[in-house]
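The values are calculated or read from the model by the stated rules, or taken from the named source; none is laboratory data. What you see is a predicted model, and the numbers here were worked out from it, not measured in a lab. Positions of Cβ are generated from backbone atoms using ideal geometry, with glycine treated the same way; all protein chains shown enter the neighbour counts. Surface accessibility is based on the protein's heavy atoms, side chains included, excluding ligands, DNA and RNA. Shrake-Rupley method; radii C 1.70, N 1.55, O 1.52, S 1.80 Å.
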Amino acid sequence: IVVAIFAIAAELVLVDGVLQPLFPGKVPVLYIAFGVLTLASLLNVVGLEVFARLQNLLTLMKLASMLGLGVLALWSTPHVEPGGSSDAIEVGTVLPLVTTVFWGLMGAEYICPMIEETREPARSVPRAMWITLAIATVLYLVFCAGALRHLPRDQLAHAELPHLVLAARLGGRWGVLLVATAALSASLGVVSGALATLPRLLYGMACEGQAFPIFRRLHPRFQTPWVAIAFLALAIAGSLLTLGGDSRGFTVLILSAAAAWLLAYIIAHLDVIVLRYRYAALARPYRSRWLPWPQGLGIVAMVYCFCHVAPEPALARPIYIHVGAVLLVVAAVAAIWVKVALRRELFSRTTL
């Protein structure tokens, strides 16, 4: 949930920045972002079937537009001189950017909260996560390889929206329209996906006494956790308002989300190790091989990424302040909830 507050706000800032050039001076800053957030919230209150149909359409539009632009860039005549992009790249320059790239592969676990409403979840959920990661990797490789053929590295590095620059180079206004379609479908899909899955997490936690009871409320007609959906939408809206339309804040939000996500993944890795040794005989639909080596390597790599989350030194302070402030508030609320509402000791063991 902490991640979503940053990540979804960043997605909405991105789509707002992509669509603004199509309506210069006609649409106020962040109006598009709030429109997408409102539409996604209403669709998820209506129900899961509407969400699923919309999500399939948006995913198809997103993949087709992104892959189409990348393939077009690879096949068309390059605009960059062969010698212009051959400078040596040092490992010390690349490694701090790993977290930025990591951002593009995060979120596959959003499939998991839908497990109760999935057919054959033991088979479908792991397979869906692997397919998701594979498709995303191929898309980014094709797109980035095409961009390097047409745009100098300096221009790519300093562009606020490099994919928009590439689209304008390849297709002019039609190229920008293609990227705008991809950005709108991607952002609406991501926002809708988060608003479909995370409120169900809050609902499940509330049913187990781990979150406020109000999150157990379901819509009388659609049977959706509308209070949790509204809460998450308002939290994202609050994060958007703190930016005030500053496009530089997009980078801070993305890397703040990535940092929070890394912490969540580290905890998940530790959970797998503890559960495997403590409950070795417990039935599980998916088995992680060679435990604990993949988890240990993953934790080391993610700690490195967290310590080097900022590609520029000036961004480190606002990123860590964002993450630290939100986590501090959440930790304080959680501590009070455990002591007062659950009447348990902090860090006490929960048995399965």
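Using a 7 Å offset from the Cα along the Cα-to-Cβ direction at both residue 91 and residue 57, what is the distance between the two label points in nm, to one decimal?
4.9
Using a basic spin-label model with each label point 7 Å from the Cα along Cα→Cβ, how many nm lie between residue 77 and residue 330?
5.2
Over the chain, average the accessible area per residue using a 1.4 Å probe and give it in Å², no decimals.
In whole numbers, the chain has 57 Å² accessible per residue.
Stick to Cα atoms and the Kirkwood definition of Rh, then tell me Rg/Rh for the range 217-352.
Rounded to two decimals, Rg/Rh equals 1.03.
Between residue 317 and residue 234, what is 0.36 nm times their sequence separation minus the Cα-Cα distance? Round to one decimal in nm.
Separation in residues times 0.36 nm, less the Cα-Cα distance, equals 27.3 nm.
Could you work out the equivalent-ellipsoid semi-axes for the range 148-263, taking the square root of 5 times each eigenvalue of the Cα gyration tensor, largest first, in whole Å?
37, 17, 12
Carbon-plus-sulfur fraction of the accessible area of the chain, 1.4 Å probe, in percent?
69
At what distance in nm do the modelled label points of residue 263 and residue 208 sit from each other, each positioned 7 Å from its Cα along Cα→Cβ?
My value for the distance between the label points is 2.0 nm.
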